[in-house]
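Single-structure report; data block below.
The values are calculated or read from the model by the stated rules, or taken from the named source; none is laboratory data. Because the structure is a prediction, the values reported are computed rather than measured. Cβ atoms come from the backbone with ideal geometry, glycine included; neighbour counts cover every protein chain shown. Side chains are part of the model used for accessible areas, which takes the heavy atoms of the whole protein and leaves out ligands, DNA and RNA. Shrake-Rupley method; radii C 1.70, N 1.55, O 1.52, S 1.80 Å.
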Amino acid sequence: MPELPEVESLAGFLRDRTAGRRITAVEVGAISALKTFDPPPDALVGGTVTGVDRHGKWLDLAVGADLHLVFHLARAGWLRWSDPLPRTPVRPGRSPLALRLRLDDDSGFDLTEAGTRKRLAVYLVHDPAQVPQVASLGVDPLSPEFTVERLAQLMAAKNQQIKGLLRDQGTIAGIGNAYSDEILLVARTSPFALTRSFDAAHTARLHAAVLSVLTEAIEASAGRPAAELKDSKRRGMRVHGRTGEPCPGWNGVPCGDTVHEVSFADSSLQYCPTCQTGGKPLADRRMSRLLK
């Protein structure tokens, strides 16, 4: 799933290629992806792109004075840029193509989604806050509001596992499964540590890890074409998706341990026992506890 760094890079990619361009066509290939009906998609035709923003993991294409095409790529969705776009008409059906947007120079993008579980979501609204999931987003971790003090307040509000808090979009917007694994390695923290167990020094360390991991990922993906962002994300992972491989260490110095995994019904997390849990492996079950 694209997370904050990839979505931020996609926003920059689109901003560079769409600003000031006029939309000449919008075709819907998967009606299930379109979550609004008024205004209709063809209301975008003839409008000029005035900006591209990011809200958590959501992309926001501003068109004209008051239209916003807001979309979330979900787990299996992606944005595919073409210059030029194919002229083949979009035909609703089993194709992965959900929406096509064409610009006046014949360039544009397709929103696609692989697999059978369709979660890609597209909204056409007058204000991004009309999208319920955008309106309910928590603090953006790259904003000035995300201070150590703000993080401490969020952690104290409810005693929960830190992995869950980092992934909660209503608390901190934009961090998902992959980058929470990376952040917790750098912060030298168990994914199941309870938030109210953190002292001031540990909270400050976690805050610094959030900023450093996300900033490094954005810098690594800056300027890359949309088609390269997925591979760039995978290459940059220290522990996520690297079960059984040597741990590179929280500070870039290999610790001598291997990356371990905890599997759930539809996802998994990766961590290093030496760097994060005092050398003790976590039990691989949903209600995991440290093995004794």
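How large a share of the accessible area of the stretch 148-291, in percent, is made up of carbon and sulfur atoms when the probe is 1.4 Å and the other protein chains stay in place?
52 percent
Which Cys residues of the chain have no other Cys Cβ less than 4.7 Å away and so no disulfide-compatible partner by this rule?
C255
Roughly what would the spin-label model give for T215 and D140, points 7 Å off Cα along C-beta, in nm?
1.7 nm
Report, in debye and to the nearest 20, how large the dipole of the chain comes out about its Cα centre when Lys and Arg carry +1 and Asp and Glu carry -1 on their Cβ.
Value, rounded to 20: 1040 debye.
Hey, what's the Cα Rg ratio for the chain versus the globular rule of thumb, 2.2 N^0.38 Å?
Values: Rg = 20.4 Å, N = 292, 2.2 N^0.38 = 19.0 Å.
This ratio for the chain stands at 1.07.
Let me know the shape class of the stretch 4-136, please: from the alpha-carbon gyration tensor, a ≥ b ≥ c as square roots of the eigenvalues, rounded when a/c is under 1.5, otherwise prolate if a/b is greater than b/c, or oblate.
Here the stretch 4-136 falls in the rounded category.
Work out how much length A76 to R205 would gain on full extension: take 0.36 nm times their residue separation and subtract the Cα-Cα distance, in nm to one decimal.
43.2 nm
With a cut-off of 20 Å, note down the residues of the stretch 153-184 whose backbone N falls inside the zone around a label point 7 Å from the Cα of S263 toward its beta carbon.
Those under the cut-off are 177-178, 181.
What angle, in degrees between 0 and 90 and rounded to the nearest 10, separates the Cα long axis of helix 177-186 from the longest principal axis of the Cα atoms of the chain?
40 degrees
Compute the distance from the alpha-carbon center of the stretch 160-225 to that of the stretch 65-142, in whole Å.
Answer, in whole Å: 27.
Sum up the charges of everything whose Cβ sits under 14 Å from the Cβ of M237, counting Lys and Arg as +1 and Asp and Glu as -1, but leave M237 out.
Numbers: positive: K230, K233, R234, R235, R238, R242; negative: E3, E6, D181, E182, E216, D231, E245, E261.
After counting each charged neighbour, the total is -2.
With every protein chain left in place, what is the accessible area per residue of the chain in square angstrom, probe 1.4 Å? If you can, show how the numbers build up before the last one.
Details: 13630 Å² over 292 residues.
Per-residue accessible area for the chain comes out at 47 Å².
Does the stretch 62-120 classify as rounded, prolate or oblate by the C-alpha gyration tensor (a ≥ b ≥ c root eigenvalues; a/c under 1.5 gives rounded; else a/b over b/c gives prolate, otherwise oblate)?
On the way: a/c = 2.13, a/b = 1.25, b/c = 1.70.
Oblate is the answer for the stretch 62-120, as a/c is 1.5 or above yet b/c matches or exceeds a/b.
Residue by residue through the stretch 113-122, which ³J(HN,Hα) values in whole Hz follow from phi under the Karplus form 6.51 cos²θ - 1.76 cosθ + 1.60 (θ = phi - 60°), with glycine and proline marked x?
8, 8, x, 9, 8, 8, 10, 4, 10, 10
Is it possible to state the helix-based mean residue ellipticity at 222 nm for the chain, with each DSSP H run of 4+ residues giving -39500 (n - 2.57), the sum divided by total residues, to the nearest 500 deg cm²/dmol? What is it?
-8000 deg cm²/dmol
Can you give the FRET efficiency for D106 and V45, using 1/(1 + (r/R0)^6), R0 = 22 Å, r = Cβ-Cβ distance, to the nearest 0.05?
Numbers: r = 15 Å, r/R0 = 0.66.
Using R0 = 22 Å, I get an efficiency of 0.90.
What lysines does K57 reach when the alpha-carbon gap must be under 26 Å and sequence neighbours fewer than 8 apart in one chain are set aside?
Within the straight-line limit of under 26 Å, K57 reaches these lysines: K35, K118, K158, K163, K230, K233.
Between F37 and D83, what length in nm is gained on full extension when 0.36 nm per residue of separation is reduced by their alpha carbon distance?
Working: separation 46, 0.36 × 46 = 16.56 nm, distance 2.87 nm.
Contour length minus Cα-Cα distance gives 13.7 nm.
Where nothing but the Cβ of Lys and Arg (+1) and of Asp and Glu (-1) is charged, how large is the charge dipole of the stretch 4-136 around its Cα centre, in debye to the nearest 20?
In debye, rounded to 20, the stretch 4-136 gives about 580.
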